[in-house]
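The values are calculated or read from the model by the stated rules, or taken from the named source; none is laboratory data. Since this is a predicted model, take the numbers as computed values, not measurements. Glycine also receives a Cβ, built like all others from the backbone with ideal geometry; neighbour counts cover every protein chain displayed. Just so you know, the surface numbers come from the protein's heavy atoms only, side chains and all, with ligands and any DNA or RNA stripped out. Shrake-Rupley method; radii C 1.70, N 1.55, O 1.52, S 1.80 Å.
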Amino acid sequence: MSDAVPSRWELPQFARRVAAQQGRASREQLDRWIAKAERQAAERRRGEESWTTPPEWLVEH
């Protein structure tokens, strides 16, 4: 490991790279959450569509 002190130019560049990586990771996480919510909504719709209408009469014994 080097004991060199980063220059005043290198520190902001490093901070920018870190911010860009974190922003990208945040967007990817949000995209995963959105995709999951869309899948769940589609599954819910398919489940509701598969329900049959209840009969108008009931047999009791």
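Inside the range 1-16, residues that are exposed (fewer than 10 other Cβ atoms within 10 Å of the Cβ) and among the charged types (D, E, K, R) make up a count of 2. Residue by residue through the range 1-46, note down the ones that are aromatic (Phe, Trp, Tyr) and modelled with pLDDT of 95 or more. Of everything in the range 1-46, just one residue is aromatic (Phe, Trp, Tyr) and modelled with pLDDT of 95 or more, namely Trp33.
The set of residues from the range 21-61 being among the β-branched types (Val, Ile, Thr) and open to solvent by 100 Å² or more (accessible area, probe 1.4 Å) comprises Thr52, Thr53, Val59. So is Arg8 free of Cβ contacts under 8 Å to residues at least 40 places away in the same chain, part of a loop (DSSP other than H, G, I, E, B) and of a type in the set (Lys, Arg) or not? Answer is yes for this residue.
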